[in-house]
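Accompanying notes for the structure given below.
The values are calculated or read from the model by the stated rules, or taken from the named source; none is laboratory data. Bear in mind that the values here come from a model prediction, so they are computed numbers and not experimental data. We place every Cβ from the backbone using ideal geometry, glycine too, and count neighbours over all the protein chains shown.
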Amino acid sequence: MRKFIDIFSSLKLTLALMLGLALLSIGGTLQAGPDGRFELYYQSLWFRGLFALFFVQLATCTVKIIGRNRRDATTLLQAVAARSGPPAGAAVALGGAESVAVRDALVRHGYLLTAATGDDIPLLARRGRLGRWGSTIAHLSCLLIIVGAFAAELGFVGTLNIYSGDSSTSCFDWDLNRDRQLGFTFRLDHFEPRYYPIELKFGEVNAAEKTVLHEYVTREGETVQLSPPGVSAEVLTFSPDDQHLILGISRDGDYLGEYHLFTGEQKLDNRVDPGVDLRLLGWRDPLLRQLHSEVSILESGQVVKQGVISVNHPLVHRGIAIYQTAYAKDDKGFWYAGFQFSRDPGEGLVWVASITFVSGLLCAFFVPYRAVGVRRDAGQLILEPLSGFRGEIGQDRLTALAATLASGNPH
């Protein structure tokens, strides 16, 4: 078992696996699989097998690191107890400081003390242990992310094209290449593409002579005054796909109702008379702002959930996320919309693990782990640096700590 752990926790194996995965991923990025599906490359058995080997290697390293961290106090305390003689290397003598005062000063500096059983010296003092465990938290988070990625295989991704007013109990699963039952009924109540406000032009026309008497350039939400006294028209909605403009007509502040305009000779039997004949003359090319789908979820014939689905705003029911993916008109001019149904059991785990991964890295980089030992030699206490005091900066920090401990000043 020990030999297995040593092999799979090898730094050489880690680098070889990471480099191998990176190089092989280039192939999946450049070469599409069957039907142009790039993801099939990464779903292949051999690629997942290699990734599983990386998981085992990472898990082995993590177990080894956890064991090292758990033995940290015992190992460091034994190292302090094994040292003898006057200060050597970076060690600093504390002069005539008493052990009780040194212990109190270390506690005031945020150090956690660990002493040999039945004696206060030798003494181990540590602080910033969260930083010590930061890399371990990051390792564990990576393992959970991989587990979440493999758990996604227990889910599915399917698509559905559906007309407004229609319903369906299934979607097409592209991995299985057949319909998959959803376990509920999905109904598209209403669909429409929504555009940014469109600049458009309508006018008062003489229908008999087919001439334009007045032109108005406006956009949705704006109001214009028509030529008849006291009559105004508010642009309510405009559908560039149907070339249909709806105006709200008011006279002397009283709202009369809607007036519908089209291009050419097409018109509705408007019940509101603004006093002039209005005609839609033109508009600028529209810019799509959002897709808007009003949907209902039914179970046993009863509506259990209603909502609006738009791009990047899915509806979730029973763990299935429903996304808006497409829209179009058929040859007869009827709208239909496309939806993606996705269930990913590992999604929540991946999100949580991603947060803990970042937290672990922050702890590892910004919570410094420091450990010192205190031993006695020839009647005086000696401060031994064990972790977190490397280089000139570390030596200066150790010297400052030793001066504080020798004086008993917590600052």
So S300, is it surrounded by 14 or more Cβ atoms within 10 Å (Cβ to Cβ), at pLDDT 90 or above, within 30 Å of Y323 (Cα to Cα) and hydroxyl-bearing (S, T, Y): no
If we scan the stretch 48-64, do we find a residue that is within 30 Å of L19 (Cβ to Cβ) and assigned to a loop (DSSP other than H, G, I, E, B)? no
Going through (1) within 13 Å of G373 (Cα to Cα); (2) surrounded by 15 or more Cβ atoms within 10 Å (Cβ to Cβ) one by one, W133 fails only at (1)
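With respect to A125, determine if the residue is surrounded by 13 or more Cβ atoms within 10 Å (Cβ to Cβ), among the hydrophobic types (A, V, I, L, M, F, W, C) and within 22 Å of F366 (Cα to Cα).
Numbers: surrounded by 13 or more Cβ atoms within 10 Å (Cβ to Cβ): yes; among the hydrophobic types (A, V, I, L, M, F, W, C): yes; within 22 Å of F366 (Cα to Cα): yes.
So A125 passes the test.
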Residue tally, condition surrounded by 14 or more Cβ atoms within 10 Å (Cβ to Cβ) and under 17 Å from D104 (Cβ atoms), over the stretch 377-407: 8
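Among the strands (runs of 3 or more DSSP E) confined wholly to the stretch 211-259, which include 1 or more residues that are in the same structural domain as Y336 (by TED's automatic domain parsing)?
none
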Complete set of residues in the stretch 183-208 that are touching a residue at least 40 places away in the same chain (Cβ under 8 Å), of a type in the set (A, V, I, L, M) and in a loop (DSSP other than H, G, I, E, B): I198, A207
Restricting attention to the stretch 68-90, the residues that are out of contact with any helix residue (DSSP H, G or I) (no Cβ under 9 Å at 6 or more places or on another chain) and in contact (Cβ under 8 Å) with a residue 12 or more places away in the chain number exactly 11
Single residue of the stretch 322-352 satisfying the filter (among the small types (G, A, S) and surrounded by 17 or more Cβ atoms within 10 Å (Cβ to Cβ)) that is nearest to the chain's Cα centre (by Cα): G346
All but one of (1) closer than 30 Å to I162 by Cβ; (2) among the polar types (S, T, N, Q); (3) surrounded by 14 or more Cβ atoms within 10 Å (Cβ to Cβ) hold for S232; which doesn't? (1)
